[in-house]
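The values are calculated or read from the model by the stated rules, or taken from the named source; none is laboratory data. Here the structure is a predicted model, which is why all the values come from computation and not from measurement. Quick reminder, even Gly has a Cβ in these numbers, built from the backbone with ideal geometry, and neighbours come from all protein chains shown.
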Amino acid sequence: MRRKIVAGNWKMNKTVSEGLSLIEAIKANVAKVQGAGVDVIVSPPYVMLSEAAKALQGSSVKLSAQNCHQEESGAYTGEISATMIKAIGAEYIIIGHSERRQYFNETSASIAKKVSVVLSKGLTPIYCNGEVKEEREAGKHFEVVQRQMEQELFHLSAEEVKKVVIAYEPVWAIGTGLTASPDQAQEIHAFIRKQLSNKYGADVAESISILYGGSCKPDNAKEIFSKKDVDGGLIGGAALKAEDFLAIVNGFN
Ligand code: 13P
C-alpha cells in the first residue's frame with residue numbers, strides 16, 4: 001500500500017522563531033486531522049532544521065529539507081550536504097523543485113545525482129517535476145514529464161525508485177492561484193505511474209506515492225486527493241498557516 005502524504009514546503013519564509021511557532025500550532029492539532037495513515041511533513045529553511053528536529057521529537061510530524069548539494073562534502077561554499085541533513089534527523093529532502101530549476105540553474109544531471117545521494121544516505125527524496133505554462137498550452141506536458149523522469153529518475157534501480165516520493169507540480173499552478181483540475185491532476189498522475197510501470201513493472205509503480213503541488217488549498221484539496229492516482233500534496237503558500245495546512249491534511253478524511 002502506498003503512503004498518503006501531505007508535505008508543507010515553506011520555501012524562503014519564516015524566521016526560526018516564527019517557524020517554531022508554526023510547528024507548535026501544527027503539532028497541537030495534527031492528531032485531529034491525521035486520520036489513519038497520512039504522513040505529515042514540514043520542510044522549513046535550512047537554518048531552522050536543527051531546531052525544528054528538536055521541536056518535532058516525539059511528534060508524528062516528519063521533517064524535510066528543501067534541497068541539498070549533490071556531493072557528499074567538500075569545497076562548495078554555501079552548500080549543505082545530505083549527510084548534514086540526515087545528522088539533524090530529517091528524513092526527506094525535496095529535490096528538483098521548479099524554483100530551483102528556474103532560479104538556480106538546476107539541471108537534469110544535477111537532479112539525478114541529488115536523487116541518488118539522498119537515497120544513498122537512507123533519506124527519502126521528494127522528487128519534483130512538471131511542465132511550464134507554454135508546454136501545457138502546446139500539449140507537451142506528457143512528453144516533458146516523461147523526459148524529466150527518464151533523465152532524472154530512471155537511472156535508479158527498482159529497489160531505489162520504490163523509496164522515492166514523486167511530486168508533480170505544474171509550474172503554471174505554483175503560487176498563481178491556478179490549480180490543475182482534479183481531472184487534469186489524475187490524468188498526468190496516471191501517466192507518471194504508467195511510465196514507472198513501463199520501466200519498473202506494475203508492482204513498483206503501484207507502491208510509489210505521487211503528490212500534487214500547485215495552489216493546493218483547503219477548498220480544493222479534498223477533491224484532488226480523491227483521485228485514484230493522487231496520493232497527497234506538496235503545499236507551498238497554504239503550508240505557512242497551521243489552520244490551512246491542517247485543513248488540507250483533513251482533505252483525506
Ligand atoms: P503553492 O502551493 O504556493 O502554489 O506552491 C506549491 C509548491 O511549489 C510546493 O512545493
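Just to verify a result, which residue in the range 31-45, among those that are in contact with a Phe, Trp or Tyr (Cβ under 9 Å, 6 or more places away or on another chain) and assigned to a helix (DSSP H, G or I), is modelled with the highest pLDDT?
33
Every residue in the range 200-220 that is within 22 Å of residue 29 (Cβ to Cβ), touching a residue at least 40 places away in the same chain (Cβ under 8 Å) and surrounded by 24 or more Cβ atoms within 10 Å (Cβ to Cβ), please.
Within the range 200-220, just 211 meets the criteria.
State all residues of the range 230-253 that are more than 9 Å from the ligand (Cβ to nearest atom), out of contact with any Phe, Trp or Tyr (no Cβ under 9 Å at 6 or more places or on another chain) and not β-branched (Val, Ile, Thr); if no residue qualifies, say none.
241, 242, 243, 244, 245, 246, 247, 250, 253
I'm trying to understand the selection: among the residues of the range 82-96, which are in a loop (DSSP other than H, G, I, E, B) and free of Cβ contacts under 8 Å to residues at least 24 places away in the same chain?
Those that are in a loop (DSSP other than H, G, I, E, B) and free of Cβ contacts under 8 Å to residues at least 24 places away in the same chain: none in the range 82-96.
Right, residue 180: within 25 Å of residue 8 (Cβ to Cβ), in a loop (DSSP other than H, G, I, E, B), within 12 Å of the ligand (Cβ to nearest atom) and touching a Ser or Thr at 6+ places or on another chain (Cβ under 9 Å) or not? Spell out the reasoning first.
Values: within 25 Å of residue 8 (Cβ to Cβ): yes; in a loop (DSSP other than H, G, I, E, B): yes; within 12 Å of the ligand (Cβ to nearest atom): yes; touching a Ser or Thr at 6+ places or on another chain (Cβ under 9 Å): yes.
Against the criterion (within 25 Å of residue 8 (Cβ to Cβ), in a loop (DSSP other than H, G, I, E, B), within 12 Å of the ligand (Cβ to nearest atom) and touching a Ser or Thr at 6+ places or on another chain (Cβ under 9 Å)), residue 180 qualifies.
Of the residues that sit in the range 226-237 and are in contact with a helix residue (DSSP H, G or I) (Cβ under 7 Å, 6 or more places away or on another chain) and touching a residue at least 60 places away in the same chain (Cβ under 8 Å), which one is surrounded by the fewest Cβ atoms within 10 Å (Cβ to Cβ)?
235
Select from the range 16-28 the residues that are surrounded by fewer than 17 Cβ atoms within 10 Å (Cβ to Cβ), touching a residue at least 12 places away in the same chain (Cβ under 8 Å) and not hydrophobic (A, V, I, L, M, F, W, C) and list them in ascending order.
Passing the criteria: only 24.
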